[in-house]
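Notes to accompany the following structure.
The values are calculated or read from the model by the stated rules, or taken from the named source; none is laboratory data. Keep in mind that what you see is a predicted model, and the values were worked out from it rather than measured. Every residue, glycine as well, gets a Cβ built from its backbone with ideal geometry; the counts of neighbours run over all protein chains shown. The area values use the complete protein model at the heavy-atom level, side chains included, leaving out ligands, DNA and RNA. Shrake-Rupley method; radii C 1.70, N 1.55, O 1.52, S 1.80 Å.
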Amino acid sequence: MAGGTFNIEGGGKNYEGRITLFVIFTCVVAASGGLLFGYDIGISGGVTSMEPFLSKFFPSVQKKMKNSGNGNMYCKFESQILTLFTSSLYIAALVASFFASVVTRKYGRKISMFFAGCAFLFGAILNGVANSIVLLILGRLSLGVGVGFANQAVPVYLAEMAPAKFRGALNIGFSIACTIGILVANLVNYGTSKIKSGQGWRVSLALAGVPALMMIIGSLFLPDTPNSIIARGHPHQAKKVLQKVRGTENVEEEFQDLIQASEAAKKVEHSWKTIIEPRYRPQLVICCLIPLFQQLTGINAIMFYAPVLFKTLGMGDDASLISAIITGSVNVVATIVSILTVDRLGRRVLFLEGGMQMIVCQIGVAILVGLKFGVSGVGSLTKGEADFLLFLICTYVAGFAWSWGPLGWLVPSEICPLEIRSAGQAINVSVNMLFTFVIGQVFLTMLCSMKFGLFFFFAGFVIIMTIFVAFFIPETKNIPIEEINTVWKAHWFWGKYIPDDVVIDGIHNKSKVDI
């Protein structure tokens, strides 16, 4: 294709093995860690649109909302303190991800998942009983620690457990769990908003303890990954786990490759210093840019504040929550599409198609909102216009959910060799959390300042990132995770950074160049 990308098709070894009930069980349980992240994303916007919650913790916002009348709709919910409630979690997750990197590498992936569940459960309890803004924020910070550990460990766990041919589909289990968490949270918000005592927000926040308990209990029954077990000096145990997850006794070839990768990793004493070496430049750049671009699509601004956004654009309380449920449902279905196609069509096709779909929809939203509300923010939507706006946002969410949503977690988790894998994932999580915090914190202010131009702003970034994918992201489908360097070596741009000694003999004889 244009841009001279190199694709390796069938370049990886065909290890013996199949999808077993055991590997499906381990991946489903591990992927439930995505429920933590998703539930929080979905619950925040609904709770912050509930008047009893605003009355107790943010009375100035409630007063502003009631007094806005038919005035500037763009600025109806603008409040740095209110957005801090949502975004403070992600600063905690950012810091926690660095500690999680050390724990994940030294003590294994499942320990990190267990700790994630415990921290999230503690945060859910604090939020459920909170009577002050301080306790509320402390609960959010504890939730953030849980998210940081889960997002560090789960994608790596899934990438290492899954057979190469199905790694994309099984790894996206994390994303499907995340989207289910968002949908469940929207449904919970709709139900709890009907509680007449005005304590529905407590129920919404406290129910975060359910996915936390699932994570805690599930992690107790999970084996650690063969890669992690070998790295901690137990090769015989690792081979038994590998045989069990592959459903065959004949795993010698894959096992020896894991041993070799572990021996190479042991030579690296400081993975953080190592990852900045020129030979790891492709992984470092991708682990920084993909999570940055994922947030600059604007998706989490919509997912965080869906009820607030719909309410801002003139929909009533029930209509805004129902609209959030609809977008959440689309999110789940579209992520399933990604699971079914990612290992057949590949990562690049989904990235590029999803990007173009998001660009068109964001421009459409900007034009519609601009025509109806202008720069003054005064106006209203007819039912037909509101339905069309919802259609555009749902189509945008679908494009994200089968491209940048799951692939933003999949690709960084599969591109790093073992010696820098924990550091690479920590960078991925920390950059993601940093810009999740930034977007969450400034979105309502940007909406107030930039008006409908905010959607043009996000569309511009999607254009940039789609061009970046076209030229700089190689295809990684069906390549065993320990052979991923062969993909970088064959790439028109990144190949110059990869030493010849990392390429496994015979790979180039099987490679196919697509220019």
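Using only the alpha-carbon atoms, how far is helix 281-296 inclined from the longest principal axis of the chain? Give it as 0 to 90 degrees, nearest 10.
Taking the Cα atoms of the chain, the angle to 281-296 is about 20 degrees.
Residue by residue through region 250-267, which ³J(HN,Hα) values in whole Hz follow from phi under the Karplus form 6.51 cos²θ - 1.76 cosθ + 1.60 (θ = phi - 60°), with glycine and proline marked x?
Karplus-based 3J(HN,Hα) across region 250-267 equals 8, 10, 4, 5, 5, 4, 5, 5, 5, 4, 4, 5, 5, 5, 5, 5, 5, 6 Hz.
Take the alpha-carbon positions of region 138-230, form their convex hull, and give its projected area averaged over all directions (one quarter of the hull surface) in nm².
With every direction weighted equally, the projected area is 7.3 nm².
What is the pair-distance distribution P(r) of the chain, computed from all Cα-Cα distances in 10 Å bins starting at 0, with each bin given as a whole percent?
Here the calculated profile for the chain is 4, 20, 30, 25, 14, 6, 1, 0.
Where in the chain lies the longest segment free of GluC sites (Glu not before Pro) that are both loop residues by DSSP (not H, G, I, E, B) and have at most 12 other Cβ atoms within 10 Å?
Here the longest segment lacking exposed loop sites spans 1-248.
Compactness ratio of region 330-444: Cα Rg over 2.2 N^0.38 Å, N = residue count?
Normalised Rg, Cα atoms only: 1.32.
Give me the 1.4 Å probe accessible area per residue for the chain, excluding ligands and nucleic acids, in Å².
Using a 1.4 Å probe on heavy atoms only, each residue of the chain averages 36 Å².
Could you please state how large a percent of the accessible area of the chain is carbon and sulfur, counting protein chains only and using a 1.4 Å probe?
68 percent
Compute for region 221-278: radius of gyration divided by Kirkwood radius, i.e. Rg/Rh, restricted to C-alpha atoms, rounded to two decimals.
1.06
Mind putting a number on the dipole of region 358-515 about its Cα centre? Charges go on the C-beta only, +1 for Lys and Arg and -1 for Asp and Glu, and I need it in Debye to the nearest 20.
Around 580 debye, computed over region 358-515.
For the chain, what is the charge dipole size about the Cα centre, in debye to the nearest 20, if Lys and Arg each add +1 at the Cβ and Asp and Glu each add -1 at the Cβ?
Roughly 1040 debye, rounded to the nearest 20.
Rounded to the nearest 500 deg cm²/dmol, what is the calculated helix-only ellipticity per residue at 222 nm for the chain, with -39500 (n - 2.57) per DSSP H run of length n ≥ 4?
-24500 deg cm²/dmol
Sort by residue number and report every cysteine in the chain with no other cysteine beta carbon within a distance under 4.7 Å.
C27, C118, C178, C287, C288, C361, C394, C416
Quick one: angle between helix 453-472 and the longest Cα principal axis of the chain, in degrees between 0 and 90, rounded to 10, please.
Tilt of helix 453-472: around 10 degrees.
From the residues F457, C288, T225, which one has its Cα farthest along the dipole of the chain in the positive direction, the dipole being from +1 and -1 charges on Cβ of Lys/Arg and Asp/Glu about the Cα centre?
F457
Among K194, K496, what's the order by accessible area (1.4 angstrom probe), most exposed first?
Highest to lowest solvent-accessible surface, that is K496, K194.
What percent of all Cα-Cα pairs in region 388-479 falls in each 5 Å bin, counting up from 0?
In order of increasing distance, the bins hold 3, 10, 14, 22, 21, 14, 9, 5, 2, 0 percent.
Return the equivalent ellipsoid semi-axes of region 334-387 as a descending list in whole Å, where each equals the square root of 5 times an eigenvalue of the C-alpha gyration tensor.
34, 12, 6
Which distance in Å, rounded to a whole number, links the C-alpha centroids of region 133-147 and region 445-468?
Region 133-147 and region 445-468 have Cα centres spaced 30 Å from each other.
From the Cα trace of region 84-199, what convex hull volume per residue do you get, rounded to a whole Å³?
103 Å³
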